[in-house]
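Trainee: Take a look at the following structure, please.
The values are calculated or read from the model by the stated rules, or taken from the named source; none is laboratory data. None of the values given here were measured: they were computed from a predicted structure. Quick reminder, even Gly has a Cβ in these numbers, built from the backbone with ideal geometry, and neighbours come from all protein chains shown.
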Amino acid sequence: MNKPGSIRAAVLKMDAEDFEVVELPIGLKGLQGAVGGLIELLPLDLEDVATVFVNEEGKIDRLTPTAAWVDGSGRVLDVICGPIVILGAEDGEGDSAPVTAEAIAAVKRHLWVIPAGIRGDIEIPEPSCGFVAI
């Protein structure tokens, strides 16, 4: 159950091994606090189940790589740098529902968490802007 003024979210912090379900303040400031900066909606085509937010400048700021974004065959499309926030599906008015176990599972099929012990060994090319396809 959500506390008043908050929403249940799954957050992958830069030093964590997996997503943790937490209560975030509702709204832009809560999301920005969770990702440590400006937010960007990750286009995973899961709008009916989940919405995923990352730090818009994660690569530019050289944040720690936390997850590999993969396609249906497991091919790496990109690497996400910085914290990741999962919320439930949007309601059609731009508001996201609280995260569910189904949403977390769906996102994890597209975002493979990089083990914390090897994150520092991953070299990310200098981005020209936003996401860099590998």
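Trainee: Name every residue in the range 89-104 that is farther than 16 Å from A34 by Cβ and part of a strand (DSSP E or B), in order of residue number.
Mentor: E90 - this is the single residue of the range 89-104 that is farther than 16 Å from A34 by Cβ and part of a strand (DSSP E or B).
Trainee: For the range 58-77, give me the residue count where each residue is surrounded by 19 or more Cβ atoms within 10 Å (Cβ to Cβ) and either of a type in the set (A, V, I, L, M, F, W, C) or within 13 Å of the chain's Cα centre (by Cα) (or both).
Mentor: Of the residues in that region, 7 qualify.
Trainee: So which pairs qualify, if the first residue must be in the range 67-95 and closer than 29 Å to I26 by Cα, the second must be in a strand (DSSP E or B) and charged (D, E, K, R), the Cβ gap must be under 6 Å, and the two must be at least 6 apart or on different chains?
Mentor: Close Cβ pairs (under 6 Å, with a partner that is in a strand (DSSP E or B) and charged (D, E, K, R)) amount to W69/D78.
Trainee: Is it the case that the range 67-88 has a residue that's of a type in the set (V, I, T), modelled with pLDDT of 90 or more, under 27 Å from I118 (Cβ atoms) and in a loop (DSSP other than H, G, I, E, B)?
Mentor: No, the conditions are met nowhere in the range 67-88.
Trainee: Residues of the range 1-47 being charged (D, E, K, R), assigned to a strand (DSSP E or B) and within 13 Å of V99 (Cα to Cα), which ones?
Mentor: Passing the criteria: R8, E20, E23.
Trainee: Give me a count of the residues in the range 16-32 that are exposed (fewer than 15 other Cβ atoms within 10 Å of the Cβ) and under 14 Å from the mean Cα position of the chain (by Cα).
Mentor: 5
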